[in-house]
Amino acid sequence: MLAPHATHHLQNIAASIRKDTILMLQKAGSGHTAGALGMTDVFSALYFVLLNHRPDEPNWPGRDYVFLSSGHINPVLYATLSEAGYFDKQELSTLRQINSRLQGHPHLGSLPGIESTSGPLGQGLSQAAGLALGLKMDGEPNRVYCLMSDAEQQEGQVWEAYMLIAKYRLNNLTIFIDRNNIQIGGKTEDVMPLESLSAKLKNFGLRVSEIDGHNFEEIIDAAKEAQSFKEGATVIICNTTSGKGVSFMENKFEWHGKVPDESQTRKAIEEIDIKLREIQSE
């Protein structure tokens, strides 16, 4: 069980990342808000508790690898890397600008801490599986983490990758799926139903854990269980609220690819600060 001070520390980090995400998207004038806010708690737990990494030595050979397959939510990746010390926060304000290192999708080599190039959905899992297989064949201890969207599970290549992952028992690979039930065209179950997603993944030979993607203890416990499971890879389905932390964005698919204006940005940041004070006073 997480100590109260540890939980409060992660809550503070998540609030900072959410505010940075909103500010950078508002300044950019384009980007994807809902998914970035929804996965903030997972990113916070990953980079500040679970990951074996060195922000001051981003190419350290012993590091764990993070692949963001759903690259459109990269504002949360950029904000998290900056929060962790990979680069100066001032650079966040250059999101999506010409010649910026922070483009609309992560690009390998553009920034310290970026391990893959993403864009077309469904590709990141294959990339992560290839690296995990190579590390396992070489007997290396590094872990690979792949973060995906739920709508991405509608891609055929994803299921080809799952077959390979199961065949080679890639126990050094952990997959987080952002199950927020929305995509750019509406609700996932209306566009192309995914349920029962857990049963489908299990039928492909994968270990599946389903958690509250905003509960730090559940996120950390599920990831640690995945680390200790030696028979193969684990998929962690994170039930999340899209637009988490901002009432007028939560669970609204319209915010998938929409950014706030200046007034909405002020209101959103105020809400995040108020909610942080409330939960830490409980």
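Bear in mind that the values in this text are calculations on the coordinates, not laboratory data. Because the structure is predicted, anything quoted here is derived from the model rather than measured. Cβ: placed from backbone, ideal geometry, glycine included. Neighbour counts: every protein chain shown.
Below, the figures for the structure above:
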| quantity | calculated |
| --- | --- |
| Euclidean distance of C-alpha centroids, the stretch 206-279 and the stretch 102-135, integer Å | 21 Å |
| Relative compactness, the stretch 4-281, computed as alpha-carbon Rg over 2.2 N^0.38 Å | 0.94 |
| Percent RCO, i.e. relative contact order, over the chain, from Cα pairs under 8 Å lying at least 6 residues apart | 24 percent |
| Other-chain or far-sequence residues with amide H under 5 Å of VAL208's (modelled H) | VAL235 |
| Vicinal HN-Hα couplings computed from phi for the stretch 259-266 (Karplus, 6.51 cos²θ - 1.76 cosθ + 1.60; Hz; Gly/Pro x) | 10, x, 7, 4, 5, 5, 5, 4 |
| Residue-by-residue Karplus 3J(HN,Hα) for the stretch 153-160, coefficients 6.51, -1.76, 1.60, Hz, glycine and proline x | 5, 7, 7, x, 4, 4, 6, 5 |
| In Hz, Karplus ³J(HN,Hα) per residue of the stretch 75-87 (6.51, -1.76, 1.60; θ = phi - 60°; x = Gly, Pro) | x, 6, 5, 4, 5, 5, 4, 5, 4, 7, x, 6, 7 |
| Order of TRP255, TRP60, TRP159 under a 10 Å beta carbon neighbour criterion, fewest first | TRP60, TRP159, TRP255 |
| Sum of side-chain charges, LEU37 neighbourhood, beta-carbon under 13 Å (Lys, Arg +1; Asp, Glu -1) | +1 |
| Members of LYS230/LYS252; LYS89/LYS187; LYS200/LYS275; LYS136/LYS200; LYS89/LYS202; LYS136/LYS187 lying beyond 31 Å, as alpha-carbon distances in this model show | LYS230/LYS252; LYS89/LYS187; LYS200/LYS275; LYS89/LYS202; LYS136/LYS187 |
| Net +/- balance of residues flanking TRP159 in space, Cβ distance below 12 Å, scoring K and R +1, D and E -1 | -2 |
| Residues whose placed amide H lies under 5 Å from that of TYR65, excluding near-sequence neighbours | ARG143, VAL144, TYR145 |
